Every structure is written in structure tokens, then in C-alpha cells.
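Report on the following structure.
The values are calculated or read from the model by the stated rules, or taken from the named source; none is laboratory data. Computed from a prediction, not measured in an experiment: that's the story for all the values here. Here the Cβ positions follow ideal geometry from the backbone for every residue, glycine too, while neighbour counts run over all protein chains shown. Side chains are part of the model used for accessible areas, which takes the heavy atoms of the whole protein and leaves out ligands, DNA and RNA. Shrake-Rupley method; radii C 1.70, N 1.55, O 1.52, S 1.80 Å.
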Amino acid sequence: MIGLSPTEISFDATTGALSPATGRYRKHLSHLEGAFRDVDAWSRVIQEGGDPLVYEVMEYKKEGSDLFFGTTTMQPGKVGEEYFMTRGHFHLSRDMGEFYCTQHGKGLLLLQNREGKSETVEMREGSCAFIPPDWAHRSINTGSVPLVFTWFCNVLAGHDYDPIATQGMRMLAVERCGKVELVPNPNFL
Ligand code: PAN
Ligand code: ZN
């Protein structure tokens, strides 16, 4: 790690655009099969809404560094009563956490440990969330504008999507009577 040069990377706090970026990907609703409880609503939004973009991730990784960072930009929207959200994952390295710092919009960070204990941290402009090692994390846009956050973690953290893809999370974030509510996921055992 000796010999790495200091570098400036700029990001746009309202769009999440990163410059320079070393990687990026987009998730449209069709890529999130099985994530939302209301499967009929999921198909309907894809067909009638033209398979909307749900989120985009851009990252900057310096070769040889132990740390990297990036932005996630989440569009507002719902599938049935459930807000647009990320897939959610544990880190493959169970001793590595992460920080999420919200730049724009508002949302909820839903966390869950291996025992199924569920917690949330509010995501709002000017706040950062600490994600402890071995807690699964999923971000949810509960607002009406894009939710943009920067994240920072170890390059060796890795993603383990299987547990959440298989079982979902204990709680769901839904809109009821115009309000954000957390309700138990009937499919979570
Ligand atoms: C983030 C997430 C990003 C997308 O960079 O990977 O917000 O969420 P999913 O990976 O769950 O689809 C992160 O937590 N990295 O570790
Ligand atoms: Zn993570």
C-alpha cells in the first residue's frame, strides 16, 4: 500500500455521478425478481411502467488500496405498497462493516443480524449510518425524490446476497395512508 498517490474524486450530491469512476451498474425492476412481496404488482409495474430504473451504483477503487467508496442513487417508486429498495446483503467478510452517508433525499436503512434482529437507521441529508460487521443492510427510498448516498468500506468486504434473496428480511417498508410503516414480512420464517 506504500506509494499510492492522493487523488481527488468529485461527486454530484444530487445525481450521485462520480468522476472518475472505476465501475458502475444499474438495477431495473426486472432485475429484482423475488425481492418485493406483491409479485403481481411487480409484473404490472414492469409492463406498464416500462421496467423502471430502481438504482444505480458507481464506485471508485484505487488499485492497491484497502478502502473504496461509491455512490448509490435510488429512484423514488413503489411496488404495490412497498417502496423501491436495494437487494440487500451481508458482507462475505463477516468482520467488515460499512458507512452510508446520505447526500440527498430521504429513506430508511434496514439492518438485520444473523439472529434475525431487525433495526433501522433514518437516511436523511447530512446523516451517516454505521453498519456493524455481520449485519445485512438494505436501503429504501421512502421519499419522492432520488435518494443519493455515498458508502465507504474495505475492498475485501464482498457481497453475500443469498440469505436475503432466499428469505427476504424480517420487516418490509410500506406506505399506508400516506405514511411510512414497517410491517412484518409474512414470508420471513
Ligand atoms: C453498497 C450496495 C449498494 C447496492 O454499495 O452494494 O447500495 O445495494 P445491493 O448491493 O444490496 O444491491 C454496499 O453496501 N456495499 O457493500
Ligand atoms: Zn454493503
Return the carbon/sulfur percentage of the accessible area of the chain, one whole number, probe 1.4 Å, all protein chains in place. 52 percent
Across the chain: Cys residues that no other cysteine approaches within a C-beta distance under 4.7 Å: 153, 177
Gain on full stretching of the segment that runs from residue 10 to residue 170 - 0.36 nm per residue minus C-alpha separation: 53.9 nm
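In deg cm²/dmol and to the nearest 500, what is the mean residue ellipticity at 222 nm of the chain if only DSSP H runs of at least 4 residues count, each as -39500 (n - 2.57), divided by the residue total? Write down the numbers at each step before the final one.
Details: 2 runs with 17 residues, N = 189.
Helix contribution divided over all residues of the chain: -2500 deg cm²/dmol.
Length gain on complete extension for the stretch residue 179 to residue 162, per 0.36 nm per residue less the alpha carbon to alpha carbon distance? Don't skip to the end; give the middle numbers.
Details: separation 17, 0.36 × 17 = 6.12 nm, distance 3.04 nm.
Full-extension gain reported as 3.1 nm.
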Calculate the length of the line joining the C-alpha centroid of the stretch 3-70 to that of the stretch 124-155, in whole Å. 12 Å
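Work out the FRET efficiency for residue 33 and residue 92 from their Cβ-Cβ distance, taking R0 = 25 Å, and round it to the nearest 0.05.
After rounding to 0.05, the efficiency reads 0.65.
Taking a 19 Å limit on the Cα-Cα distance, which of the listed pairs 27/78; 78/106; 117/179 fall beyond it? Present the calculation step by step, with values, prior to reporting the outcome.
Numbers: 27/78 15 Å; 78/106 15 Å; 117/179 23 Å.
Beyond 19 Å between Cα atoms: 117/179.
Please compute the per residue accessible area over the stretch 39-134 with all protein chains in place, 1.4 Å probe, rounded to a whole number of Å².
Numbers: 4470 Å² over 96 residues.
Value returned for the stretch 39-134: 47 Å² of accessible area per residue.
Need the full-extension length gain, residue 61 to residue 114, defined as separation in residues times 0.36 nm minus the C-alpha distance. One decimal, nm.
Full extension of this stretch gives 16.2 nm more.
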